[in-house]
């Protein structure tokens, strides 16, 4: 029930295209869903996050879509650029009550390659 | 990375040796975390600490130990009991139960 399943494992997109990464979760107690971007040899950096009371959140070229009933959420990268080439992780946590203080459950990661 | 320092960047361990990875933060965050990342895998939680002098095991704590004597510091020791220590180790901090901020990581290799 604690798993977050992420797909695809790898993704190749042409410059200017749309990159879409999907995640699904089982634990209905999750109420905060961040996405992280990681470049090789670096630590992950928070990209964008969403709470389940909204269906979409957009920041620049990055958009999270959230489907609460299906327990799925996805990251869309519009106008993908070679500089977006990185590994992307979705994650989930429950931020209210409980003993799992700030414990993030991560997806397996998606390696995105954007060709020029 | 800003505000979270991990050292060294690379660490080599001989068989049977304990090694300690450093994590320091100046973000004044209460919570600190240690993750292990293996190639092609997600991040797995080793230990976490909500407050000074208190810490809890994560999902893969066997073969590791931690201490939290100061708010700013959360060192991780990889003991000789950890039979497969080669990995990328990431320290993170957080304030509240949501966002975590990651350090630059330490890559541990076995000689």
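So the values come out like this:
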item	result
10 Å Cβ neighbours from other chains, averaged over peptide B:99-109	4
Distance in nm between pseudo-label sites at residue B:67 and residue B:109 (7 Å out along the Cβ direction from Cα)	2.9 nm
Relative contact order, percent, chain B [alpha-carbon distance under 8 Å, six or more residues apart]	35 percent
Using a Förster distance of 35 Å, the FRET efficiency for residue B:20-residue A:9 (Cβ separation, nearest 0.05)	0.55
Label-to-label distance, nm, for residues given as residue A:113 and residue B:27 (7 Å Cα→Cβ offset)	3.2 nm
Kirkwood hydrodynamic radius over Cα pairs of chain B, then Stokes diffusion coefficient at 20 °C and 1.002 mPa s, in µm²/s	155 µm²/s
Inter-site label distance for residue A:45 and residue A:79 at 7 Å from Cα along Cβ, in nm	1.9 nm
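Only the coordinates and a few stated rules stand behind these numbers; no lab work does. These numbers come from a predicted model, not from an experiment. Positions of Cβ are backbone-derived with ideal geometry, glycine not excepted, and every protein chain shown enters the neighbour counts.
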